[in-house]
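Below is one structure, written out as structure tokens; comments come after it.
The values are calculated or read from the model by the stated rules, or taken from the named source; none is laboratory data. All values reported here derive from a predicted model rather than from experimental measurement. Note that we place each Cβ from the backbone using ideal geometry, even for glycine, and neighbour counts take in every protein chain shown. Heavy atoms of the whole protein, side chains included, go into the accessibility calculation; ligands, DNA and RNA do not. Shrake-Rupley method; radii C 1.70, N 1.55, O 1.52, S 1.80 Å.
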Amino acid sequence: MNKDFVRACERVFDAAQLFIDAPLRFHTTFRIGGPADLLFYPKNTEEVQKIICMAKEYGEPITLLGNGSNILVRDGGIRGLVIRFGKKMADVTLDGADLIVGAGALLRDVAAFAQQNSLSGMEFACGIPGSIGGAIFMNAGAYDDEMKSVVASVRTVSRDGVERLYAATELDFGYRHSIFQSRDEVICETRLHLREADRDMILERMTDLNHRRESKQPLSYPSAGSTFKRPPGYFAGTLIEQTGLKGLTVGGAQVSQKHAGFIINIGNASASDVQRLIAAVQKRVYAKHAVELFPELRVIGEP
């Protein structure tokens with residue numbers, strides 16, 4: 001990394017916002033990942049704009065990180081700048097039946113805030129271990145609902161530091177897809193449009209969904225959530241289980257005994273362990289069922 005860029009950042013931002021050679025295993029739900037050259041926690045959209053322009057000036061690549069769920073950071077880590085959205089960009093503001101939400105806000109916190117204000121629509125996300133920014137990026141969903149159903153608009157910053165507001169109709173939402181997967185922009189804030197409902201009924205649904213999640217998913221082990229996308233006409237976990245792969249282990253990575261759709265970190269797994277296990281599952285499921293499995297998690301960083 002360009003030392004002049006680091007020094008420039010240290011002159012502009014608080015020391016508590018900047019971390020050099022930061023191990024990313026502490027910043028992902030998988031508890032896996034090599035170091036980031038420079039990890040930065042912005043306080044607001046203006047700081048995002050400022051550091052993006054600085055990175056461009058010094059030729060440093062930029063990677064975005066929310067709660068670190070649904071990703072696998074390779075063992076070599078990430079070169080350049082990693083922007084990590086945390087509590088400083090996690091405000092949730094009520095505006096009628098809408099919520100204005102910072103990209104760093106956790107889905108479970110947004111769902112709880114909505115419930116407390118008698119607003120329905122975010123119940124499906126109450127157990128997803130991600131942030132709003134990441135959830136919009138991949139159109140996260142669960143229990144037959146998804147972000148597409150509640151997002152009204154999204155505010156971004158381009159890699160030139162230009163702010164833009166997207167309407168929901170521009171976001172090209174699809175299954176685990178949004179326009180931002182092909183746009184070099186940073187999601188900073190969103191407006192969610194919800195509907196008024198009985199607070200107790202909302203809580204009852206959230207409690208039910210959390211119970212279902214806890215009873216079926218391997219929450220006692222680090223993971224990136226569901227490992228594979230749902231193949232048309234099938235369930236990935238069912239195919240993997242029918243192939244006899246529950247418990248299949250490579251190094252510290254294992255196909256969960258509780259839910260075959262999850263690969264878990266049973267102890268000091270490397271990203272290489274996970275990638276080799278994914279490849280083995282894909283190969284054996286295809287050999288038995290002639291169905292291709294594609295990872296739902298994103299793989300980023302250097303080998």
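Observations, loosely collected:
- Cβ-based net charge around residue 185, under 9 Å, with every Lys or Arg adding one and every Asp or Glu removing one: +2
- Candidate lysines - alpha carbon under 29 Å from residue 283, same-chain residues fewer than 8 apart omitted: 216, 229, 246, 258
- Whole-number percent relative contact order across segment 151-239, with pairs defined as alpha carbons under 8 Å at least 6 apart: 25
- Globularity index of segment 154-303, i.e. its alpha-carbon radius of gyration over 2.2 N^0.38 Å: 1.28
- Shape category assigned to segment 132-228 from the gyration tensor of Cα positions, a/c cut at 1.5: oblate
- Under 16 Å from residue 43, Cα to Cα: lysines that are on another chain or at least 8 residues apart: 87, 88
- Fully extending the segment from residue 56 to residue 159, taken as 0.36 nm per residue of separation minus the present Cα-Cα distance, adds 36.3 nm.
- Stokes-Einstein, applied to the Kirkwood radius of segment 177-239 over Cα pairs at a viscosity of 0.692 mPa s and 37 °C, places its translational diffusion at 205 µm² s⁻¹.
- Taking amide H as placed 1.01 Å from N in the peptide plane, the amide H of residue 229 sits under 5 Å from that of 294, 296, each at least 5 places away or on another chain.
- For the chain, a Kirkwood hydrodynamic radius built from all Cα pairs, placed in the Stokes-Einstein relation at 20 °C and 1.002 mPa s, yields a translational diffusion coefficient of 107 µm²/s.
- Built amide H within the under 5 Å cut-off of residue 299, gap 5+: 72
- Amide H contacts of residue 80 (H built 1.01 Å from N, under 5 Å, at least 5 apart or other chain): 37, 38
- Between residue 12 and residue 208, the modelled label-to-label distance comes to 5.0 nm, taking each label 7 Å out from Cα in the direction of the beta carbon.
- Accessible surface for the chain, divided over its residues, is 47 Å² per residue with a 1.4 Å probe.
- Percent of alpha-carbon pairs separated by more than 14 Å within segment 99-142: 39
- Each part reduced to its alpha carbon centroid, segment 246-303 and segment 126-184 end up 26 Å apart.
- The largest-to-smallest principal axis extents of the Cα set in segment 47-156 are 47, 29, 21 Å.
- Here the dipole of the chain is about 1000 debye; that uses its Cα centre as origin and unit charges on the Cβ of Lys and Arg (positive) and Asp and Glu (negative).
- Here the accessible area is traced with a 1.4 Å probe on the protein chains. For segment 151-200, carbon and sulfur cover 42 percent of it.
- Förster radius 30 Å - calculated FRET efficiency between residue 299 and residue 172, Cβ distance, rounded to 0.05: 0.85
- Since only 234, 173, 55 are under comparison, the one whose Cα sits farthest along the positive direction of the charge dipole of the chain, derived from C-beta charges on Lys, Arg, Asp and Glu, is 234.
- Cross-link reach list, lysines versus residue 3, counting only Cα pairs under 22 Å and skipping chain neighbours closer than eight places: 50, 56
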